[in-house]
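To start, the structure itself, in structure tokens.
The values are calculated or read from the model by the stated rules, or taken from the named source; none is laboratory data. These numbers come from a predicted model, not from an experiment. Every residue, glycine as well, gets a Cβ built from its backbone with ideal geometry; the counts of neighbours run over all protein chains shown. The protein model used for the area step is the full one, side chains on, heavy atoms only, and it has no ligands, DNA or RNA in it. Shrake-Rupley method; radii C 1.70, N 1.55, O 1.52, S 1.80 Å.
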Amino acid sequence: MRQEELTIRPQGKTEEYFINMGPQHPATHGVLRLLLTLDGEIVKKVDPDLGYIHRSIEKMTEHDTYRQIVHLTDRMDYLSAHINNEAVCLAVEKGLEIEVSDRVKVVRTIMAELTRLSSHMLWWGVTGMDTGALTTFMYAFRDREMINDIFEETCGARLTMNYFVPGGMMWDIHPNFQKRVKEFIAHFKTKLPEYDLLLSDNVIFRKRTEGIGFLTKEDAISFGVTGPGARASGVSCDIRKKQPYSAYDRVQFKEILGTVGDTFDRYRMRILEMWESMHIIEQLIDNIPEGEIQAKTNAVIKLPKGEFYQRVETARGELGVHIISDGKKSPYRMHFRSPGFANLSVIDHVARGWKVGDLVAIMATFDFVIPDIDR
Amino acid sequence: MGMKEDLGPDFPGKVIPAGNGGNIVVTSLDAIINWGRSNSLWPLYFGTSCCAIEMMQTGAAKHDWARFGMEVARPTPRQADVIVIAGTIVNKMAPVLRRLYDQMAEPKYVVAMGACAISGGPFFYNSYSVVKGADHVIPVDVYIPGCPPRPEALLEGMIMLQKKIRATNNSTKVNPIDGFDEGKP
């Protein structure tokens, strides 16, 4: 429409209205319900309504033994299943004051980075879908299937692995593991530039994301945002660097930091993180030391009285596991500080004033997994 | 006579050449309706949790359920034939699931994918918020066990559903939701 036509339009008063996005909506990546207050297409307020997948995991942990708790965390953030398992195992190991062998540490790190890669791949595919590019979905899932096969061979499952146990891991890695991982890295190194060609440099995608949905460094800190969403705003918050666990202290990698903090910056973070993850795996895959796969623990683990906290970096931010033990075989209370919950709180702040379509792009680049938020 | 091959080997009828270039198809209404319905199942993506990822994987490059006529995944119930419940149903979600089911056009089918949709799965004991099986809310046609089921398992479940549809007698068919709330089988 020409500018003149726009100005002679009758100056009507617009009214704010209210619309439901979700709980059954493809762009909310699950069953999140957003109560949107809109003025035309402008977002005035975003009010998330949670609980559509609240499965009472924290309460269930109070009835389970420490070994049984691990499998529940698979289902929390199912795209970071290995990392969630690792978090619980590390917290329990902290309580028991046992040291796992180097072999376990290295395998845990490789598995965690493979998980991060597969999570970021899925995120890349669905981000493309959210912004109107269906091809990305097919490309990402083609490559993701290779990681699933690696997991299946060693852990026996494709998605909910439950491979780590307090004190080590269930069983040793498959003889093919190293070969398969190296094959995958060689394959994905040629595919990741393709991802850039396909989506990162796409004009439509750039216009949908560049200069949209800013988050400043101060706001990111005060809302407690973690993960790539916060690092895009320049907040250095990578737990792998700040409080190295497992084998992260013996590998070289860069913490990717953004400068602008817009939607495209948050997108770029994850693409660059995939390169770093591959770099970490490459350093470790040929140097898996020999050693015990499980430290000696009692059949029923009892933690001493006290509180134990462990933080890890999942694919979408900081996961904290807080165990309060009263000396019995189950925890008195167990709390998960899930990254998605804190990241969701900032959506209202970031999306205000932008269009509904931008809200979808903003949501996509914070990468929510709803069972992780609701637990 | 090439028409039968064009229609696929499972076409339930006889194609008779009429001589003037046209063809006459002899079949029963039941067979042709079921053939059409079973080969164009549009699924509603109802992914609440982990199983949704395996469902996406089934729809994507390697497993590709488009081969069996299920490629057009709909996010809206009004255009869908089958609802794939991929994930846990909690108390807050149950009325929403029922509403989605009620909004779907007839005939409609339900596939319960994974342990949670079948019985509550890992959240059966000690959980205060999980519905112990989607069949407490809506009638289910096919159950696919697994936590989550592999893509191959989901494919087999969908093929089972196709077989079920092909065996339907449309004159004596009853709507599964009739009497469901009163507890009738």
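Numbers below:
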read-out	value
Meets criteria (of a type in the set (Gly, Ala, Ser), open to solvent by less than 60 Å² (accessible area, probe 1.4 Å), under 23 Å from A:PRO339 (Cα atoms) and at pLDDT below 90) for A:GLY258	yes
Among (1) in a loop (DSSP other than H, G, I, E, B); (2) under 30 Å from A:VAL181 (Cα atoms); (3) among the aliphatic types (A, V, I, L, M) - the single one A:ALA299 does not satisfy	(2)
Selection from the stretch A:190-215 of residues that are assigned to a loop (DSSP other than H, G, I, E, B), of a type outside the set (A, V, I, L, M, F, W, C) and more than 21 Å from the chain's Cα centre (by Cα)	A:ASP201, A:ASN202, A:GLU210, A:GLY211
In the stretch A:1-56, residue modelled with the lowest pLDDT [restricted to those that are among the polar types (S, T, N, Q) and part of a strand (DSSP E or B)]	A:ASN20
Residues that are in contact with a helix residue (DSSP H, G or I) (Cβ under 8 Å, 6 or more places away or on another chain), within 11 Å of chain B (Cβ to nearest Cβ) and within 25 Å of B:ARG74 (Cβ to Cβ), drawn from the stretch A:27-50	A:ALA27, A:THR28, A:HIS29, A:GLY30, A:VAL31, A:LEU32
Residues of the stretch A:167-205 that turn out to be acidic (Asp, Glu) and closer than 29 Å to A:VAL88 by Cβ, as a count	1
Residue match in the stretch A:291-312 (condition: open to solvent by less than 10 Å² (accessible area, probe 1.4 Å) and either farther than 23 Å from A:GLU99 by Cβ or within 15 Å of the chain's Cα centre (by Cα) (or both))	yes
Pairs, first facing chain B (nearest Cβ under 10 Å) in the stretch A:138-160, second of a type in the set (Asp, Glu), C-beta under 6 Å, six or more apart	A:ARG158/A:GLU152; A:THR160/A:ASP74
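Yes/no matrix, rows are residues, columns are (1) within 13 Å of another protein chain (Cβ to nearest Cβ); (2) at pLDDT 90 or above; (3) farther than 24 Å from B:GLY69 by Cβ; (4) under 17 Å from the mean Cα position of the chain (by Cα):
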position: B:MET104; (1), (2), (3), (4): yes, no, no, yes
position: B:ALA112; (1), (2), (3), (4): no, yes, no, yes
position: B:TYR143; (1), (2), (3), (4): no, yes, no, yes
position: B:ILE177; (1), (2), (3), (4): no, no, yes, yes
